[in-house]
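These notes concern the structure reproduced below.
Since every read-out is calculated from the coordinates, none of them should be taken as a lab result. Computed from a predicted model, the values in this text were never measured in an experiment. Reconstructed Cβ throughout: ideal geometry from the backbone, glycine too, with neighbour counts over all protein chains shown.
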Amino acid sequence: MDSAFGDQTFWSYLFVAVTFAMYIGIAVWARAGSTDDFYVAGHDVHPVVNGMATAADWMSAASFLSMAGLIAFLGYGGSVYLMGWTGGYVLLALLLAPFLREFGKFTVPDFVGDRYYSTFARIVAVVCALFVSFTYIAGQMKGVGVAFSGFLGVPFEWGIGIGMVIVFFYAVLGGMKGVTYTQVAQYCVLIFAYTVPAIFISLIITDNPVPQLGFISNAAGEDISMLDKLNGVVRDLGFLEYTSTSKSMFDIFCITAALMFGTAGLPHVIIRFFTVPSAKAARVSAGWALLFIALLYTTAPAVGAFARLNFIDTVNEATYVSGDDYASAAQAIEAEGGMPIPQWFKSWEQTGLLSFEDKNGDGKMQVRGPQAPDGLENEVIANRDIFVLANPEIAQLPGWVIGLVVAGGLAAALSTAAGLLMVISSAISHDLCRRTLFKNMSDTTELRVARASAAGAVLAAGLLGLFASQLGFVAQVVAFAFGLAAASLFPIILLGIFWKRMNKEGAISSMLVGLISTFAYIYYFKFGGGVPADYWLGVSPEGIGFVFMWVSMAVGIIVALMTPTPPQDIQDLVDDIRVPGTRRAHGVADAGMGPVSVSREM
Amino acid sequence: MAETDRRGDRKGYWRATLKLTLSLLGVWFLVSYGAGILFQEYLDQFSIGGAPLGFWFAQQGSIYVFVVLIFVYCFAMNRLERIYGVEG
């Protein structure tokens, strides 16, 4: 990129180089010596440390770069992401994490396979875990490629390559142990990079340095609240009011719920809670995780609203500046009493994230909604990522801040990718190889297989990232990850803990019903030519996982009641995991692998 | 003392846990699905600072309550575990 980015490119290189060196350093320091280290970081991660790692694990490139912009465009409709991606942690803390920790094994399919005393159930769970994780990781690798090509002038493919090398280091060498400690570092980088520009933009728009308070304050120097002003501004341009939505209440309800239950059922989030020493630690760790996540998730809606207001204020009806010499052209426009477009618009236009087409030929940029009262057409198209990316410039912060944002975006993408890689590699080396195909494999061999499958998963993820950008399907398939986790994994884990009578037959039919119905519905409406008018009960594909979750649970319960009760060993096991500190080994359930000691206290 | 009586009562511990879980999930439902979605329009006639209340719950308030809920759960569970003599 040219002069507008010159200074910032230097800082971006510097920050990226420094943070990457730090991640590699941590990886070398936190090498895994055993399968215990590799899968669950030796079960002795401090709850607060795990909370921070979970927050980085959870917040992806999409949370960091796209969410604020998405909310800026959707207004109230964006609330589904805010509530959905945080409320799931309440379910996780109260219904799943402490009990799964007490169960004391390595992976989510471990729980399914052993609790339901069935290899087939384990394999179905492996399929769900792999599908969900691969769907998710493609987007992360693509994000890494975009960050590199957009800011550092490195070709897209090289960017993905560099990302793969970095992740390879700490995921393959360090396993879960390496991933945990790099995620902690990545959380610090990403939250700092997110809050600094947010504080300054909050000061500009509302005079309040705390974005969460600025969100409910008056617009700077005016006697009207920021949100009322924003509502008025967007209404006058023919958009929907910011605090309302065009979606039906039922659809909003279902999407929020699918995201919440999906969050609680996502394997890469669940396995983080296997790394702490006890059930008690798992509970409090979920609290810390959500606190760290909430720091970003309560800032994002404020940033979204500020950015929307500022964008319309500075861009709408501004005179377009063509040519390369922005400064003198802008001066000339101001001399005539006009308002030139802001400099950041000019520099971001080159990235293709912003574009302007002068449809009515008046030389000014009109921002309009679908029902514009003056009948003018919209002339400005903005990619939603622009709001976070351009924030430092909008707030007129020095060049190094944008370097920080680049490093933050990469931290968010790499930390999530690493967490997903752990799910993929453990599903293959532990659940498929050790627990299903080669039951006599030694610990040393398993560790070697685990490293090899992590390496293979890194390669596969990189390739997926490359293809994802060519096919442009990433955004379309995110609905899959949450829908499938909610409809196929969540119900059987929940019932496995809270209903002793749940048996193998019930679990398998529940998982299959959830998996197949959700997959078919989403596929039909996203790729198979289905139209919104045909939505079942008016529920969009994003929310259907919630509906099928109930269907899956109902089927599971009915089938379980019609088939034999589970063995006594299993019922005793369920009794044990409900009461912390009482876990003993139980025949059928622990024949393949004993539970780890859970009595250690922090 | 009543507290020592309940040591080792695994069934009682589990019942108390379920009761606590259900009441906290009730709050969880009320702040998000209730205040943020089902009653959003009604609550929007009130405001908190400069934001309509229902909208605020959907984008801020529910998240704060979620965090508090988990820590309340931890606190209450630690108490239950002391009462029932569970190791945690």
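For the stretch A:46-59, the condition holds for no residue, the condition being that it is surrounded by fewer than 19 Cβ atoms within 10 Å (Cβ to Cβ), in contact with a Lys or Arg (Cβ under 8 Å, 6 or more places away or on another chain) and touching a residue at least 60 places away in the same chain (Cβ under 8 Å).
Within the stretch B:59-77, being free of Cβ contacts under 8 Å to residues at least 24 places away in the same chain and closer than 24 Å to A:MET249 by Cα holds for B:GLN59, B:GLN60, B:ILE63, B:TYR64.
Does A:LEU537 meet the test of being on the phi > 0 side of the Ramachandran plot and either in a helix (DSSP H, G or I) or without any contact (Cβ under 8 Å) to a residue 60 or more places away in the chain (or both)? Spell out the reasoning first.
On the way: on the phi > 0 side of the Ramachandran plot: yes; either in a helix (DSSP H, G or I) or without any contact (Cβ under 8 Å) to a residue 60 or more places away in the chain (or both): yes.
Here the answer is yes, as A:LEU537 does meet what is asked.
Filtering the stretch A:64-75 for residues that are within 20 Å of A:LEU421 (Cα to Cα) and crowded, with 24+ Cβ neighbours inside 10 Å leaves a non-empty set.
Restricting attention to the stretch B:32-49, report how many residues are over 16 Å from A:THR245 (Cβ atoms) and within 9 Å of chain A (Cβ to nearest Cβ).
From the stretch B:32-49, those over 16 Å from A:THR245 (Cβ atoms) are B:34, B:45-49; that's our starting set.
When the remaining residues are screened for being within 9 Å of chain A (Cβ to nearest Cβ), the result is B:47-49.
Number satisfying all stated conditions: 3.
Hey, among A:ASP236, A:ASP207, which residue is more than 10 Å from every other protein chain (Cβ to nearest Cβ), more than 22 Å from A:MET422 (Cβ to Cβ) and touching a strand residue (DSSP E or B) at 6+ places or on another chain (Cβ under 9 Å)?
Values: A:ASP236 fails: touching a strand residue (DSSP E or B) at 6+ places or on another chain (Cβ under 9 Å).
Step by step, each of A:ASP236, A:ASP207 is checked, and only A:ASP207 is more than 10 Å from every other protein chain (Cβ to nearest Cβ), more than 22 Å from A:MET422 (Cβ to Cβ) and touching a strand residue (DSSP E or B) at 6+ places or on another chain (Cβ under 9 Å).
Is at least one residue of the stretch A:5-16 crowded, with 24+ Cβ neighbours inside 10 Å and within 23 Å of A:GLY483 (Cβ to Cβ)? Scanning the stretch A:5-16 turns up no residue that is crowded, with 24+ Cβ neighbours inside 10 Å and within 23 Å of A:GLY483 (Cβ to Cβ).
Does the stretch A:296-322 hold any residues that are more than 14 Å from every other protein chain (Cβ to nearest Cβ) and closer than 30 Å to A:MET52 by Cβ, and which are they?
A:ALA307, the sole residue that qualifies.
As a summary of the residue check, B:PHE29 satisfies the conditions (1) within 22 Å of A:ALA289 (Cβ to Cβ); (2) at the interface with another protein chain (Cβ under 7 Å from one of its Cβ atoms); (3) without any contact (Cβ under 8 Å) to a residue 24 or more places away in the chain except for the one numbered (2). A residue that is of a type in the set (Phe, Trp, Tyr) and facing chain B (nearest Cβ under 9 Å) occurs somewhere in the stretch A:250-268. Among the residues examined, A:GLY88 qualifies as under 28 Å from A:MET141 (Cβ atoms) and either without any contact (Cβ under 8 Å) to a residue 12 or more places away in the chain or in a helix (DSSP H, G or I) (or both). B:ARG10 fulfils the conditions (1) more than 29 Å from A:ARG583 (Cβ to Cβ); (2) facing chain A (nearest Cβ under 9 Å) except for a single criterion, (1).
Every test in (1) more than 17 Å from the chain's Cα centre (by Cα); (2) crowded, with 19+ Cβ neighbours inside 10 Å is passed by A:PRO398 save one, and that test is (2).
Looking only at residues in the stretch A:540-586 that are part of a loop (DSSP other than H, G, I, E, B) and among the β-branched types (Val, Ile, Thr), which one is nearest to the other protein chains (Cβ to nearest Cβ)? That would be A:VAL579. List every residue pair whose Cβ atoms lie under 9 Å apart, where the two residues are 6 or more positions apart in sequence or sit on different chains, the first residue falls within the stretch A:378-402 and is part of a strand (DSSP E or B), and the second residue, located anywhere, is among the polar types (S, T, N, Q). Here the result reads A:VAL380/A:ASN316; A:VAL380/A:SER355; A:VAL380/A:GLN366; A:ILE381/A:SER355; A:ALA382/A:SER355, each pair linking the stretch A:378-402 to a residue that is among the polar types (S, T, N, Q).
Table: residues versus (1) of a type in the set (D, E, K, R); (2) in contact with a strand residue (DSSP E or B) (Cβ under 9 Å, 6 or more places away or on another chain); (3) within 14 Å of another protein chain (Cβ to nearest Cβ).
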site: A:GLY78; (1), (2), (3): no, no, yes
site: A:TRP85; (1), (2), (3): no, no, yes
site: A:GLY88; (1), (2), (3): no, no, yes
site: A:ALA93; (1), (2), (3): no, no, yes
site: A:LYS105; (1), (2), (3): yes, no, no
site: A:PHE111; (1), (2), (3): no, no, no
site: A:ARG115; (1), (2), (3): yes, no, no
site: A:SER118; (1), (2), (3): no, no, no
site: A:VAL126; (1), (2), (3): no, no, no
